[in-house]
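The values are calculated or read from the model by the stated rules, or taken from the named source; none is laboratory data. Remember, it's a predicted structure, so these values are computed and weren't measured experimentally. Note that each Cβ is placed from the backbone with ideal geometry, even for glycine, and that neighbours are counted across all protein chains shown. Just the protein is used for accessible areas: all its heavy atoms, side chains included, with ligands, DNA and RNA removed. Shrake-Rupley method; radii C 1.70, N 1.55, O 1.52, S 1.80 Å.
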Amino acid sequence: MSLITSRTKFWEDMKKKRFDSFAHYKMFLKEKSDEMGWSKETVFEALKVAHIFRQDEEFGRQMLCGPNALYIRKVESLDGRWADGPIPDHALEGKSAEDVVADGHLFEVTFDELIGVPHGGSFSKKLTGTAQTWHVVLGDCLLYQRSDDKLVPILIRLENRNDEQPATWWTPPEPDITDLNHPKHLAWLYAKMWFRCADVNCYSLCTHFARAHATNELFAVAFYRNLPNAHPVFRMMQPHIQGIIPVNVQARAVLVNPGQNAFSLFLSAGDNLKTVFNNYYKHFDYKDLILPEDVKARGMEDIPEYLSGMTLSGTGISSASTSLR
């Protein structure tokens with residue numbers, strides 16, 4: 001059975017199932033792992049995350065080490081968007097917000113690329129059978145680095161500008177509320193899910209496509225046009241640019257083609273790519289591509305576990321520069 005056929009069968013079986021518990025879903029994945037060509041170790045590791053995804057520590061870890069870790073930056077001031085934010089006392093281990101900022105232990109993730117982007121859902125009826133509105137909601141998150149170095153969210157700001165609704169503020173429940181089904185826990189989980197919707201929009205369209213694909217294609221074209229295959233710089237860079245151009249040709253035909261836009265199948269902002277890309281490139285600078293300098297500019301260089309392998313990346317760039325000289 002081909003991989004495509006097995007995947008199609010997997011999703012068909014998935015649709016037929018009615019999972020009554022996480023244990024039921026877990027057993028289903030175990031049974032299907034061989035058909036899909038997945039190693040059981042990979043499936044088990046993924047299921048471990050499923051058990052802890054509600055924890056604020058796991059949320060913070062994904063902000064540091066997840067695929068969209070280039071948005072987080074150190075907070076220098078609580079003026080501006082955070083001025084009216086009700087930071088709960090229990091979230092800062094008894095410290096004042098001003099002291100936490102002064103100590104460099106407060107961080108933010110904001111997604112301004114979604115400003116002015118209308119709601120989506122143009123393909124909703126084809127996918128689900130009913131016409132739906134896929135909401136584009138602005139999401140910002142304030143995170144605190146605790147005394148144990150763990151990063152946790154302490155304040156989320158959500159704003160539905162498309163429907164002219166005011167911004168709302170969401171905070172974690174008090175420590176003495178231990179029931180995960182308590183309304184405050186569920187409200188906090190709901191806010192984190194809305195924030196992650198904004199996160200996946202900006203990751204898929206900005207970090208992944210615009211930054212990793214579209215921008216890097218410029219360098220690939222320049223290398224292939226101007227340097228011979230034997231040139232030392234070309235030989236050093238070729239493994240990094242190999243395949244970018246043909247992949248992007250396919251992307252322009254399928255992912256971002258106005259008449260066949262695959263992004264609109266799973267992203268609420270996918271119907272309005274031009275606005276998102278315009279917002280992203282308004283603030284883009286080529287200096288952002290120099291990863292060690294970008295990390296330092298955002299104040300993240302001393303954060304434990306941030307972008308695992310960052311030291312190696314910086315060393316590699318320095319070594320390459322030394323070799324070229």
From the set of residues in the range 230-254 that are assigned to a loop (DSSP other than H, G, I, E, B) and within 25 Å of the chain's Cα centre (by Cα), which is farthest from LEU273 (Cα to Cα)?
GLN242
Within the range 256-285, track down each residue that is closer than 13 Å to ALA210 by Cα and open to solvent by 50 Å² or more (accessible area, probe 1.4 Å).
LYS274, ASN278, TYR281, LYS282, HIS283, ASP285
So the strands (runs of 3 or more DSSP E) completely within the range 112-189 holding 3 or more residues that are buried (at least 20 other Cβ atoms within 10 Å of the Cβ) and modelled with pLDDT under 95 are none
How many residues, within the range 24-41, are of a type in the set (Gly, Ala, Ser) and buried (at least 16 other Cβ atoms within 10 Å of the Cβ)?
1
Filtered residues of the range 87-111 (kept if open to solvent by 40 Å² or more (accessible area, probe 1.4 Å) and either free of Cβ contacts under 8 Å to residues at least 60 places away in the same chain or over 20 Å from GLY60 (Cα atoms) (or both)):
ASP89, GLU93, GLY94, LYS95, SER96, GLU98, ASP99, ALA102, ASP103, HIS105
Would you check if there is a residue in the range 196-206 being open to solvent by 50 Å² or more (accessible area, probe 1.4 Å), within 23 Å of VAL117 (Cβ to Cβ) and at pLDDT below 95?
no
Going by the structure shown, is TYR280 of a type in the set (Ser, Thr, Tyr) and more than 19 Å from the chain's Cα centre (by Cα)?
no
Would you point out the residue of the range 243-263, among those that are polar (S, T, N, Q) and modelled with pLDDT of 90 or more, that is farthest from ASP199 (Cα to Cα)?
GLN250
Taking the range 42-84 as the region of interest, how many residues are outside any helix (DSSP H, G or I), exposed (fewer than 14 other Cβ atoms within 10 Å of the Cβ) and over 18 Å from the mean Cα position of the chain (by Cα)?
5
Determine whether the range 249-259 contains at least one residue that is under 26 Å from LEU114 (Cα atoms) and in contact (Cβ under 8 Å) with a residue 60 or more places away in the chain.
no
Exactly one condition in (1) touching a residue at least 24 places away in the same chain (Cβ under 8 Å); (2) farther than 24 Å from ILE156 by Cα; (3) among the aromatic types (Phe, Trp, Tyr) is false for PHE219; which is it?
(1)
Find all pairs meeting these conditions: Cβ atoms under 7 angstrom apart; at least six residues apart or on different chains; first residue within the range 61-75 and under 17 Å from ASP112 (Cα atoms); second residue modelled with pLDDT of 90 or more and open to solvent by 50 Å² or more (accessible area, probe 1.4 Å).
ASN68/TYR203
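Rundown of residues vs (1) among the hydroxyl-bearing types (Ser, Thr, Tyr); (2) out of contact with any helix residue (DSSP H, G or I) (no Cβ under 6 Å at 6 or more places or on another chain); (3) open to solvent by less than 50 Å² (accessible area, probe 1.4 Å), yes/no style:
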residue: GLU217; (1), (2), (3): no, no, yes
residue: PRO232; (1), (2), (3): no, yes, no
residue: ARG235; (1), (2), (3): no, yes, no
residue: ILE244; (1), (2), (3): no, no, yes
residue: VAL254; (1), (2), (3): no, no, no
